[in-house]
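Report on the structure given below.
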Amino acid sequence: MSRDVSAAIEPWSPDAFGASWITWAELLAADWDEAANEVDECVHEYRRSPDGAWEMYGRNSNLNRFAQLSGVTDTRALYRAGNAHPEGTEWPDGDRLFRIGRLRRSHSVPDSDWGAVWSIMRTLSNLHGAEGVRLVVWFEG
């Protein structure tokens, strides 16, 4: 990280950790459909897209409805349903579906949350090249 970025995260210290960065070129080259090595412990909620395909809506979203469908009543078990059910287990619910599965890279950075960042990086890369634009991140514990 640059000194400016290090100074910017100083107010979060000591909770800030894991600082890293990635270039726009690396983001463009990423396989966004690649699945995680392990099954996610969270239950995934899917909703129908306009073309009728299932699209991931969230992780551990609408757990009250999931509890009704699955019969899981223990709160800890609700948050970790992927540990108790095999991959591919599904609970249909009309125009939505709850499923145990693996996250894909694209699930981590949905366009609804990250689209503006991608747009800015794309614009900057037009000026500075894809290798000349990077996204700096850190985590707060």
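What to note about this one:
- Kirkwood hydrodynamic radius of the stretch 49-96, from the reciprocal of the average inverse Cα-Cα distance over all distinct pairs: 11.9 Å.
- Debye-formula intensities of the stretch 1-82, expressed as log10 I(q)/I(0) at q = 0.13, 0.15, 0.18, 0.26 Å⁻¹, are -0.76, -0.88, -0.95, -1.16 (one equal scatterer per alpha-carbon, no solvent).
- Heavy-atom accessible surface of the chain: percent carbon and sulfur, 1.4 Å: 49
- For ALA19, the amide hydrogen comes within under 5 Å of the amide hydrogens of PHE139, counting only partners 5 or more places away or on other chains and with H modelled in the peptide plane.
- Where GluC sites (Glu not before Pro) fall in DSSP loop in the stretch 1-94, at most 10 other Cβ within 10 Å: GLU38
- Centroid-to-centroid separation of the stretch 59-131 and the stretch 10-48 [C-alpha atoms, Å]: 12
- Residues of the stretch 27-46 with amide N under 20 Å of the 7 Å Cα→Cβ point at TYR79: 39-45
- Global geometry of the stretch 56-136, whether rounded, prolate or oblate, following the gyration tensor of its Cα atoms and the 1.5 cut on a/c: prolate
- For the chain, a Gaussian network of Cα nodes joined below 10 Å ranks ASN60, ASN37, ASN83 by mean-square fluctuation, and the top entry is ASN37.
- Relative contact order for the chain: 38 percent, from Cα pairs under 8 Å spaced at least 6 residues apart, divided by residue count.
- Relative contact order for the stretch 72-141: 15 percent, from Cα pairs under 8 Å spaced at least 6 residues apart, divided by residue count.
- What the chain shows is 66 Å² of accessible area per residue, with the surface traced by a 1.4 Å probe over protein heavy atoms.
- One way to sum up the overall shape of the chain is the equivalent ellipsoid from its Cα gyration tensor, whose semi-axes run 35, 20, 13 Å, largest first.
- Test item: Cα-centred dipole of the stretch 34-75, Lys/Arg +1 and Asp/Glu -1 on Cβ, debye: 300
- Solvent-accessible area of VAL117 with every protein chain in place, 1.4 Å probe, in Å² to the nearest 10: 50
The values are calculated or read from the model by the stated rules, or taken from the named source; none is laboratory data. Values in this document were obtained by computation on a predicted structure and should not be read as measured data. When we count neighbours, we look across all protein chains shown, and the Cβ atoms used for this are built from the backbone with ideal geometry, even at glycine. Heavy atoms of the whole protein, side chains included, go into the accessibility calculation; ligands, DNA and RNA do not. Shrake-Rupley method; radii C 1.70, N 1.55, O 1.52, S 1.80 Å.
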